[in-house]
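First up is the structure itself, then whatever we jot down about it.
The values are calculated or read from the model by the stated rules, or taken from the named source; none is laboratory data. Bear in mind the structure is a predicted one, so any value in this text is a computation, not a measurement. Here the Cβ positions follow ideal geometry from the backbone for every residue, glycine too, while neighbour counts run over all protein chains shown. Accessible surface is based on the protein model in full, side chains and every heavy atom, while ligands, DNA and RNA are left aside. Shrake-Rupley method; radii C 1.70, N 1.55, O 1.52, S 1.80 Å.
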Amino acid sequence: MSFVDEAVDVVSVESLWRKSQGSRCESRSCQTLPVTSKETSVQVRAASEAGTQTEWKQDQRALDVDLGPLLDYPDVGKFLKRVEEDMIRELKRSWRSRAFDGFEVTREEQNPQVSCLHSLQYPDAVADHLQVTSVTWNATGSVLACSYGRLGDGDWSTEKSYVCTWNLDRRGFNPHHPDLALDVPSSVMCLAFHPSRPSLIAGGLYNGEVLVWDTSRTDDPLIGRTGLSADSHMDAVYQVQWLQEGPQSHKLQVLSVSTDGKILVWQMEKEGQLTLHNGYALVSQQMPSRMNKHIRGDTAVGVTCLSSSRFDPSVFVVGVEGGHLLKCSTAVQTAALTSMASSIPLKAPAQFTFSPHGGPVYCVDCSPFHRNLFLSAGTDGHAHLYSMLQEKPLASLQLSQKYLFSIQWSPVRPLVFAAASGEGELLLFDFGKSSQKPSLSIKQTSNEKPVYCLAFNQAQSQLLAAGDGTGVVKIWQLSSDFTEQGAREMQTLDELAGAVTD
């Protein structure tokens, strides 16, 4: 069997269906909405940066300015070049000058007048006819404390008194409603805020006690008291003062003076108790020879006031009832020859005697600007300026026909001090303007009741507080004349201190 290829014709059959469908075809078309477009543009500001820098020349002796292209006046350029050396010489001389030493530019508003900002009083104390015996500012300068008692005649040893505080910066401040009012069983003779702890106040009483309050404690502010014992004072305490704490000591120490002749240092050993830490006694037979002809034997010399040197804490000056002023030292080791009872040995601190006042000395204050100068005031109405190096006063100023109860240096003006008089006046004295009469006399009381105490504000130098016999404390705002130091004040103070008395 065999196979062969054979080609045959193609047979095609025409489709009648495709023709019938094609005759019915229709053409259709569609289109979307036209796309719209929009063109926008933004524009920014053009920024450019440019800088210049000069070259520092170590030895620049000529004016580094080309005056030619800047000035059309050649004579001016010639003049500046001609006086260049003279100008540089005078500028160097001014730079070396000490004429403006101590001068500070102040941007505070100038206050041309002294004005009374507040009149503070405690109605209960005024109703009892008590007097303001002491005023003191706290460390921040915003809180004032005052004590009430009696400095006049009468049997008032057991009469109740008060210690009041006002915060002048507190919202709702009321001059007739103190923030704190403490009842004290005996007349408070003196107060002192702690110099760095704003809430601590020390006070001395007429019965001889020393108390310490913490005003931050609302329930029981009394945190320490000496009590009445053989160690305590046997007479009224007329001044208290906080002592500087040692670098390794955290215990509080308070110094107190009394007319019993003792100067005592109290230390807070435990809560509620002040114990005797150190003590001194002024006895007549151990006084410098100038006083021996006036007082005899082992009689105690009554101390009325004390001020420590700001430059040497071991040196202090005391005023006594007999009118004398004594330079004393805490470094002494001599035992006091006294029969006064004490749990620790008392020492005799007196080293030098100054010429006396004509009556008891009420106040003494060492200068905060000069190590040798101090002021004193007494019942003779005189203010004395002393040097630690001379017996006689450098100046004796009759500021009142009655007593002078208080005197204090300004904390910011070396030549300014204030004094409180028995005639109801507050006296401001400026040695730079006059060496004989006050620069300003302020009438604090209208009925000539005495002004007993005053205190400059250490933190706000424009404020001065003064308390009087009517039971009122007035806060005075000082003018710029008494708060801004002049250019030559320290030099003038040195000249005063260097004066030699006859």
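Overview of values
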read-out	value
Cross-chain or 6+ apart pairs with Cβ under 6 Å, the stretch 437-448 first and more than 9 Å from Glu423 (Cα to Cα), then open to solvent by 50 Å² or more (accessible area, probe 1.4 Å)	Ser439/Lys433
Which numbered condition Tyr452 fails, given (1) in a loop (DSSP other than H, G, I, E, B); (2) buried (at least 18 other Cβ atoms within 10 Å of the Cβ)	(1)
The stretch 455-502, subset open to solvent by 40 Å² or more (accessible area, probe 1.4 Å) and within 16 Å of the chain's Cα centre (by Cα), residue farthest from Leu389 (Cα to Cα)	Gln477
Criterion (part of a strand (DSSP E or B) and either farther than 21 Å from Val361 by Cβ or at pLDDT below 90 (or both)) met by exactly one of Ser441, Ser435, Ser446, Ser461	Ser441
Single condition Ser355 does not satisfy, out of (1) crowded, with 18+ Cβ neighbours inside 10 Å; (2) modelled with pLDDT of 90 or more	(1)
Selection within the stretch 103-152 - at pLDDT 90 or above, hydrophobic (A, V, I, L, M, F, W, C), part of a loop (DSSP other than H, G, I, E, B) and surrounded by fewer than 17 Cβ atoms within 10 Å (Cβ to Cβ)	Ala139
Identity of the residue in the stretch 366-396, among the aliphatic types (A, V, I, L, M) and over 22 Å from the mean Cα position of the chain (by Cα), that ends up nearest to Pro313 (Cα to Cα)	Met388
Tally, over the stretch 193-212, of residues that are of a type outside the set (Val, Ile, Thr) and within 21 Å of the chain's Cα centre (by Cα)	10
Residue count, the stretch 326-356 (criterion: of a type in the set (Val, Ile, Thr), within 29 Å of Lys392 (Cβ to Cβ) and assigned to a loop (DSSP other than H, G, I, E, B))	3
Residue match in the stretch 232-240 (condition: touching a Lys or Arg at 6+ places or on another chain (Cβ under 8 Å), β-branched (Val, Ile, Thr) and free of Cβ contacts under 8 Å to residues at least 60 places away in the same chain)	no
Residue match in the stretch 298-318 (condition: over 23 Å from Ala192 (Cβ atoms), free of Cβ contacts under 8 Å to residues at least 60 places away in the same chain and not in a loop (DSSP other than H, G, I, E, B))	yes
Test: residue in the stretch 420-428 that is on the phi > 0 side of the Ramachandran plot, open to solvent by less than 40 Å² (accessible area, probe 1.4 Å) and among the small types (Gly, Ala, Ser)	yes
Condition broken by Gly272, with the remaining ones in (1) open to solvent by 30 Å² or more (accessible area, probe 1.4 Å); (2) on the phi < 0 side of the Ramachandran plot satisfied	(2)
Filter result (open to solvent by 30 Å² or more (accessible area, probe 1.4 Å), of a type in the set (S, T, N, Q), assigned to a loop (DSSP other than H, G, I, E, B) and touching a strand residue (DSSP E or B) at 6+ places or on another chain (Cβ under 6 Å)) within the stretch 222-248	none
